Amino acid sequence: MFRPTLTSSSLEARWLTPGFLAVWVLVSFVPVFFARNLDFQIGPWPFSFWLAAQGIVVVYILLAALYAWRMNRYEEPLTLTVASGGAIDATRTQAHYHRGLKKWFTIYVLCLVGFLVCMVTAEALGLSRNWVGGIFLIASVALYAAIGIYNRTSDPSEYYVAGRRIPPVLNGMACAADWMSAASFISLAGGLYLQGFSGSADEPGGLAYVLGWTGGFCLVAFLVAPNLRRYDVKTVPDFFGKRFGGKWPRLTAAIAAVLCSFTYIVAQIYGVGLITSRLTGVHFEIGILLGLGGVLVCSFLGGMRAVTWTQVAQYCVLAIAYLLPVGWMAYNQLGNPVAPVVYGQQLAKIEQLETQLLNAPAEKEVLQGYQLRRDQYHEKLQNVEHALTLDRQLAQERVRSLNNSGADPSLVFAATRDFALLPRNAPTAQQNWTAAMHDNAYRAQPLAGLPRHAQVFAGDPHGTPDEQATFNTSRINFLALMFCLMVGTAGLPHLLTRYFTTPSVAQARTSVAWSLFFIALVYLSAPALAVFVKYQVMNDLVGLRFDALPDWISQWSKLDPGLISVADINADGILQFGELKLGADLVMLVTPELGGMPYVVSGLVAAGGLAAALSTADGLLLTIGNAFAHDMYRYGKNDRVNMMRRVMFSKFVLMVAALLSAYVATQRPAGILFIVAASFSIAGAAFVPAMVMGLFWQRTTRVAAVAGMWLGLLVTLIYLVLNTVRLPEWLELEGGMRLFGIGPNSAGVFGIPVGFLTIFLLSWWGKPTEDDVESNFSEPKLYDTAGY
């Protein structure tokens, strides 16, 4: 059996990986931990925030690029040989292929720009908004479907890894689209808007997502992607089967891949339904089905080859859709469209507006109103049956009174609707009223429960004992979520599979650097967008009369009242900041309307969000299908006939998974950010310990790897379940079962160390079997029935 060994040049480069990892740890965690001590001004900029949001992300890009450049110098040059003419003919063929890609990419970008110009002209000539939204939806889905149909294939190599011929730049662009899901495009700026930079004691701020989702790519570059590419595998579970041998490592990895991918995809399908229903005006559930068609056409027909080129096209759409409105708002507010550079000027203004709102008498009246509502729900919960009966009697009496007095039909309809919306039974009433009580208690806090935008962690390290405890909890929660997102990034199967499509290990490493560059273009703009939106809301929207509010508020509230709601709590007829509830999943989508931009920009933003959700959904569905067909279903020989059968089985599983995830998404289980963060914890705990130990420690055994994967996964899932919204209420646990105040979306912070420790102890104490020794760093082989 062939044993790949480290060359002398790679031995000389071994110091680079631990050196870069050490720099990464220092840059990632030390400034964040001591952010309160670094809180001083440089002109209009808070230094601690700039360092975290801008500076550290830029350092990540430099680290990934420098690591790829240095390590690739030590790689042996790739030699391609083909039967017809050897390396020279292969090089010429590859160069011709790349020239063709550049030509088609240039044509696509020019057509995209031309389409946007035509849409702007059509709107100026009087094209209605309904037509604009419909055209953007139809054009987007038709484009992705056409790419999927054109690249349809049943060839196993093309279906699983796109023929391993995707150049690093375009693969980096596809990875960026695959990565920037609905959570990144729709919810990241919303998380920053609601939780500020560092968040509260219970909820980490948006910077945790920015740093976690970019810093994780350094782990991908240093530890995972190039080393997995050496194994010449098609899926992540494929690596576990070939590294450790036998059935259980591959099967365990396949189960974990399905679990974390399905959790992730529910959030994407929810985003698809949200955007599609807004563009077309159809119901949310129908919007999900409309968007799902575009997902299935791309991933079902062409596998990774079709998904790759679809994602390249989708990245161009989502990048333009994100950067254009951010630049527009920056220019309108500050006269400079380079948003990441100038938006710090608005932070001081927001701080002044927050101080004014904290001291405004009208805002204090609103907070008292929420407190009164909270007390009313608390009183109802003391005797749910009696309170529900009384509410029904009062609602019936109101409907009867309006009918008898000949009131306006709209008032009768509203009263009838309120009666119909009452809980059907006592358990439902208790659940609804408990949630309402907590929501009103939260909004009865200053600024309606939102932390001050630029604060560095909640609480005060030098204040009272309660303030010190709040500060420590806030900082720990922030660091825990950031850690889980980073490690989870290095374990997500749908992301790692993208780097199997490059021609060589060196190009896989380069591709990671390009991925991070394209991702950072959007992520560096997300904090700016949150600041511009908050300033616009506080300065322009707050203070308007309710009868003068813009139409988009009522339109979005009809689509989903949970996304946005307004209520005149203090009955003064004027909108106060505390009377506006804006959901995280809506901040980006309403930016064009809030900023007074043409509706074409709204359609473009919706198309960008759709592209982000569809691109990630494609990769996730493909991962689920391949996990079943390629990694679980492994009967028969690995000849071409059986490989074709697996491809067809993968397509069938892909369709079933899409329909099942669509059903779950219609139940609207939780916010997009929470669901996605939970999937990162699952992926980090299930994959990363066994993957890293298996790649870098020869003594790692099969038994240890399987035990570490299962224990890490179980610990993470148990913590998630014990701290979900409803279970603590059923068990009458105030605040759930949080350890050190860490939230459930950071559950991986417990499962990941358990996985590493289990694998280390069992491998150290256990005796490697003959199969373990043989499989260590041996060239992966295709298993037949006996091998599996």
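Every number in this text was worked out from the coordinates using simple rules, so none of it is lab data. All of these numbers come straight from a predicted model, not from anything done at the bench. We place every Cβ from the backbone using ideal geometry, glycine too, and count neighbours over all the protein chains shown.
Between region 183-253 and region 351-401, what is the separation of their alpha carbon centroids in Å?
Going from one Cα centre to the other spans 42 Å.
Would you mind listing how long region 94-250 runs along its three principal axes, going by Cα atoms, in whole Å with the largest first?
The Cα atoms of region 94-250 stretch 65, 54, 28 Å along the principal axes, largest first.
Okay, which of region 190-221 sit inside 20 Å, backbone N to the point 7 Å along the Cα-Cβ direction of TRP552?
Residues passing the 20 Å test: 190-195.
Enter the Cα centre distance for the pair region 94-129 and region 417-452, rounded to the nearest angstrom.
47 Å
What is region 440-515 by shape, rounded, prolate or oblate, if you read a ≥ b ≥ c off the alpha carbon gyration tensor as root eigenvalues and call it rounded for a/c under 1.5, prolate for a/b larger than b/c, and oblate otherwise?
Note, shape of region 440-515 comes out prolate.
Using a Förster distance of 51 Å, how high is the FRET efficiency between CYS118 and TRP765, based on the Cβ-Cβ distance and rounded to 0.05?
The value I calculate is 0.15.
Output the pairs from LYS380/LYS558; LYS380/LYS534; LYS349/LYS558; LYS102/LYS242; LYS534/LYS558 with a Cα-Cα distance over 26 Å in this structure; if there are none, say none.
LYS380/LYS558; LYS380/LYS534; LYS349/LYS558; LYS102/LYS242
Full-extension gain between ASP540 and LEU422, please, as 0.36 nm times their residue separation minus the C-alpha to C-alpha distance.
Extending this stretch completely gives an extra 38.9 nm.
Between SER405 and ALA146, what length in nm is gained on full extension when 0.36 nm per residue of separation is reduced by their alpha carbon distance?
Taking SER405 through ALA146 to full extension adds about 87.2 nm, to one decimal.
Taking 0.36 nm per intervening residue step and subtracting the Cα-Cα distance, what contour gain separates ASN359 from ALA22 on full extension?
Length gained between ASN359 and ALA22: 116.7 nm.
Around VAL533, with a cut-off of 14 angstrom between Cβ atoms, what is the net charge of the other residues, counting Lys and Arg +1 and Asp and Glu -1?
-1
If you average the C-alpha positions of region 306-330 and of region 533-589 separately, how far apart do those two centres end up, in angstrom?
Value for the Cα centre distance between the two parts: 27 Å.
With labels modelled as points extended 7 Å from the Cα through the Cβ direction, what inter-label distance (nm, one decimal) is found for TRP69 paired with MET655?
So the label points at TRP69 and MET655 sit 5.0 nm apart.
For a quick check of your reading of the filter: which trypsin sites (Lys or Arg not before Pro) in region 417-507 sit in a DSSP loop and have no more than 14 other Cβ atoms within 10 Å?
ARG424
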